[in-house]
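Peer 1: First the structure, then my questions, so here it is.
Just so it is clear, none of the values below were taken in a lab; they were calculated from the coordinates. Everything numeric in this text was worked out from a predicted model, so none of it was measured. Counting neighbours? That spans all protein chains shown, and the Cβs are built from the backbone with ideal geometry, glycine included.
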Amino acid sequence: MRSRRTLQVAWLLVAFVWAAPPAPGQEVEIPEVFSETIDVRVVNVEVVVTDRQGTRVRGLKPSDFELLVDGEPTPIDYFTEIEDGFAAGGATADIAGVPALDLNAPVGTNFLVFIDDLFSIERDRNRVLDRLADDFGELGPADRIAAIAYDGQTVETLTAWTNSDEQFRDALDRARSRPSHGLLQLLARKEVAQERQLMADHEAGRNQSGLFGSGQQVASGLSGDDSRMNLRYREKLSNQLESSVLAAMATMRRFADRPGRKVMLLLAGGWPGSVEIFARDTLSEDSTLSIDRRVMSEHDLYGPLVSTANLIGFSLYPVDVPGLTRDFFGDASRGFGANAQPDTTGPAPGTLQREDTIHSALHLLASSTGGVPLINARRDVALASVVADTRSYYWLGFEPQRREDNRFHEIVVRLVGRADLDARTREGYVDMSRDHELDMTAKAALLFGDPPEALPLQVRLSEPFRAGRRKMSVHVEVAIPLDEIQLLPVAGEWLSVVEIRVTTMDEAGNRSEVSSEKVPITGSQEPQPGQIFYYETDLQLRRREHSYVITVHDPLTGTNLTSTGTVGPKSI
């Protein structure tokens, strides 16, 4: 099991004020009506069909396509061909989640720009932003664009959905003025490398002076010391990447409610596929990498982002913000001109491996969701490239058999009798459970604040008090208005079972897991207007400033009540 640095959130006390508590040893029987309900939604499958020369193929019919889900033929419930941004033909269907399109009607594309300030270097980021502004004119009249920026702690909405050139340019102006932290990332990696080199030089000197028995012992000692030195850096890098991925997921979920196709331009400042490779200075053919279970794998890091994109219908177009590497060594003392001595300039140790692992992550995100990675020089034409790539495609949809089991389901699209054609689309989707979706909503609220559809929730927090070494405890009282939830008459009583979730994030961006509790609310009489149910608990946290989210979910109506705020140690 992989362990990570997370905050502790403990549920210590539950008290019911409106309802009399059950007798000792007696449990409240929860009727089946309060169990999870299946939310049926369409899964969008955008398909780009090309011939062997890479030319787009148009004019295909639903009968030309075979849709396989987990290897089983699946009916296509929705089909439309989009040609140059217009509905060129196909059947329409009354299915939730897809628009009803008339023939020759314009089909808008929603371009969501996610700007990663945590890993980006300002010079590279602003270069890409300048090109985005230049390419705004490529958008069609039905297209919309939005821009979001993330700095490792909070998400800023630079602009909501807009088709205004002026609004988008203003948003990019604000994006350029935001601090970026890519140089700090570079400095942290170099400091680890320098410390490792100093230790290697020190141990080599001790070995030459006879203080060590053999070179093999030195190498063994260095390996252990190297692992210990790199551990904190790798853990921090892994946590930061997870935070950025969570922010991108929360952004997609917040901006998903738009008709038309949805794509995200992911301006990644250098997300590696392998934290282990990225943290190393150099790798030779016989190098071996220790696998640290506290460091997330590529699947652990990016799998949730891919799953979220595929489930809610986003295609990812990750942008290689750093572009070609500039980490080269050169010796100015060799001079310039015809008499210059031979130069040994080359890539810095580990540079090519790090660039490869960054490109690997971009390819994974794009290929898994039906998008295209915009690598190296393509960063300069990112928006124009995405607009061109999303102008013509086939829009398929199907209603899956939802089990909400959090399992991956593979999607394959074949062209019937056309082995000469290739189909590019998303690789599948995860049948996400309602509990998991609600956990994600709570985590997203840490970055965005209260969701727009959520109702306010009244919460009172006590002054923090000491709870052991470097910890504090806060007493919390949650006031749940019974007017906002559904209570049903069951066995002579009025009953509801709400789900209460709590998650926190400290000032360094470390987040707790989501703690959840199913809380039965019972009473012998029908609740009166304005009546309140009080839920009390204690939160145990590290002694530092925290943001918190507390949500109450009513499974009968789907109502969510949310409270967000901050709590800190103050004088304790």
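Peer 1: Which of the pairs LYS518/LYS570; LYS262/LYS443; LYS262/LYS518 have their Cα atoms more than 27 Å apart in this structure?
Peer 2: In this structure, LYS518/LYS570; LYS262/LYS518 exceed 27 Å between Cα atoms.
Peer 1: Now a separate question. Show me, for the stretch 422-433, the HN-Hα J-couplings you get by feeding each phi into the Karplus relation (A = 6.51, B = -1.76, C = 1.60, θ = phi - 60°), rounded to Hz, glycine and proline as x.
Peer 2: Result, rounded to whole Hz: 10, 10, 10, 7, 6, 7, x, 8, 9, 6, 6, 6.
Peer 1: Spelling out what I want: for every residue of the stretch 497-502, take phi, set θ = phi - 60°, compute 6.51 cos²θ - 1.76 cosθ + 1.60 (Karplus), and round to whole Hz; glycine and proline get x.
Peer 2: Here the 3J(HN,Hα) series is 10, 9, 10, 10, 10, 9 Hz.
Peer 1: So what's the gap between the Cα centers of the stretch 519-572 and the stretch 484-510, to the nearest angstrom?
Peer 2: 7
Peer 1: Say R0 is 60 Å: what FRET efficiency, to the nearest 0.05, do ASP64 and GLU484 get from their beta-carbon distance?
Peer 2: 0.75
Peer 1: Going by Cα centres, the stretch 227-272 and the stretch 127-174 are how many Å apart?
Peer 2: Answer, in whole Å: 19.
Peer 1: Going Cα to Cα from LYS190, which lysines come in below 20 Å? Please leave out same-chain ones fewer than 8 positions away.
Peer 2: Counting by Cα, and skipping residues close in sequence, LYS190 has these lysines nearby: LYS236.
Peer 1: OK, next. Once R0 is set to 41 Å, what does the formula 1/(1 + (r/R0)^6) return for the Cβ-Cβ distance between GLU477 and GLU298, expressed as a FRET efficiency to the nearest 0.05?
Peer 2: Working: r = 43 Å, r/R0 = 1.05.
After rounding to 0.05, the efficiency reads 0.45.
Peer 1: Compute the separation of the alpha-carbon centres of the stretch 45-64 and the stretch 467-483 and state it in Å as a whole number.
Peer 2: Rounded to whole Å, the Cα centres lie 56 Å apart.
Peer 1: Apply the Karplus curve 6.51 cos²θ - 1.76 cosθ + 1.60, θ = phi - 60°, to the phi angles in the stretch 179-187 and return the couplings in whole Hz, x for Gly and Pro.
Peer 2: x, 10, 10, x, 5, 5, 4, 5, 5
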